[in-house]
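A quick write-up on the structure given underneath.
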Amino acid sequence: MLHQSTLDYLTNLKTNNNKEWFEKNRKAYDAARTDQLAFITSLLFEMAKWEERVKNVDPKKCTMRINRDIRFSKDKSPYKSNMSFGINPPGTRAGYYFHLEPGATFAGGGLYGLEPLQIKAVRQEIDYNLNEFSGIMNNAKFKKHFSKLDGDALQNIPKDYPKDHPGAEWLKHKDFVIGTKLDDKELTSNDLLKKTNELFRTMQPFMLFMDRALQ
């Protein structure tokens, strides 16, 4: 579970997003980060029971900077209103992701921000192994939490494929990510660790398929 104080900190940061407030409340930030790291450490321990490659992953390297890159943004708020982390087993491209933000928390992952040749490779893998991919996406346990493929997509199917292709909805994608929302009550529940671990384990066939596409 996460502490309520961590959620309260992020809520307050969202309404006081400036350097002066952040520095004044740095102890609260440090406490929230410690809380996050404890959760990541416990999660990695549970994940290692079914994904051996995460055994030596450093929890500190999973966290993401709270500072925003404002160089090309109209929004000059210096800090993110979330504390998120990603877990990439060594040798993989597809990553597990946990976005912690009061009222907007979700768990998911996949492939994001791909180069054109990588996008083409994933589409080809889906096309060549459509039955396998369809089986993953339409698995009852999987679909209960991850109902569709998310991320940036084209309006029409790429010209390399027929318009009536049975996998058209997936082949339109440029990002190949999935996610499911978590409400705030779940975040401070004793079941959070178990639920997050089970969600990530349910994602594993999807993640393995994505990684195979880029090998």
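The values are calculated or read from the model by the stated rules, or taken from the named source; none is laboratory data. Because the structure is a prediction, the values reported are computed rather than measured. Glycine gets a Cβ as well: all are built from the backbone with ideal geometry, and neighbour counts include every protein chain shown. Surface areas here come from the heavy atoms of the whole protein model, side chains and all, with no ligands, DNA or RNA. Shrake-Rupley method; radii C 1.70, N 1.55, O 1.52, S 1.80 Å.
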Quiz prompt | Options K148, K74, K181, K174; residue that is out of contact with any Lys or Arg (no Cβ under 9 Å at 6 or more places or on another chain) and at pLDDT below 95 | solution = K74
Quiz prompt | Given (1) within 15 Å of the chain's Cα centre (by Cα); (2) surrounded by fewer than 17 Cβ atoms within 10 Å (Cβ to Cβ), number of the condition N156 does not satisfy | solution = (1)
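Of the residues that sit in segment 89-100 and are modelled with pLDDT under 95 and open to solvent by 20 Å² or more (accessible area, probe 1.4 Å), which one is nearest to K55 (Cα to Cα)? Before the answer, list the steps.
Residues of segment 89-100 modelled with pLDDT under 95: 89-93.
Filter again for open to solvent by 20 Å² or more (accessible area, probe 1.4 Å), leaving 90-93.
Working: P90: 10, G91: 13, T92: 14, R93: 17 Å.
Here the answer is P90.
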Quiz item: Of all residues in segment 194-215, which are closer than 16 Å to G91 by Cα and either open to solvent by 80 Å² or more (accessible area, probe 1.4 Å) or hydroxyl-bearing (S, T, Y) (or both)?
Solution: L208, R212, Q215
Quiz item: Taking Q118 and the conditions (1) surrounded by fewer than 12 Cβ atoms within 10 Å (Cβ to Cβ); (2) of a type in the set (S, T, N, Q); (3) farther than 28 Å from K49 by Cβ, which numbered condition does it fall short on, given that it satisfies the others?
Solution: (1)
Self-check item: One residue from G135, G108, G103 being within 25 Å of T63 (Cβ to Cβ), at pLDDT 95 or above and out of contact with any helix residue (DSSP H, G or I) (no Cβ under 7 Å at 6 or more places or on another chain)
Solution: G108
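Restricting attention to helices (runs of 4 or more DSSP H) lying wholly within segment 1-66, give those where 1 or more residues are open to solvent by less than 30 Å² (accessible area, probe 1.4 Å) and among the acidic types (D, E).
Values: elements: 4-15, 19-24, 26-47.
Answer list for segment 1-66: 26-47.
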Self-check item: Residue list for segment 24-64, restricted to those being at pLDDT below 95 and either aromatic (F, W, Y) or farther than 16 Å from E198 by Cα (or both)
Solution: R53, K55, N56
Practice problem: Sort out which residues of segment 123-153 are open to solvent by less than 80 Å² (accessible area, probe 1.4 Å) and either at positive phi or of a type in the set (S, T, Y) (or both), and write them in order of number. | Solution: S134, G151
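For segment 181-193, which positions are closer than 30 Å to R212 by Cβ, touching a strand residue (DSSP E or B) at 6+ places or on another chain (Cβ under 8 Å) and surrounded by 15 or more Cβ atoms within 10 Å (Cβ to Cβ)? Steps first, answer last, please.
Of segment 181-193, the ones closer than 30 Å to R212 by Cβ are 181-182, 193.
After this cut, where a residue has to be touching a strand residue (DSSP E or B) at 6+ places or on another chain (Cβ under 8 Å) as well, the list is 181-182.
Of everything in segment 181-193, just one residue is closer than 30 Å to R212 by Cβ, touching a strand residue (DSSP E or B) at 6+ places or on another chain (Cβ under 8 Å) and surrounded by 15 or more Cβ atoms within 10 Å (Cβ to Cβ), namely L182.
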Self-check item: All positions within segment 164-180 that are exposed (fewer than 15 other Cβ atoms within 10 Å of the Cβ) and among the hydrophobic types (A, V, I, L, M, F, W, C)
Solution: A168
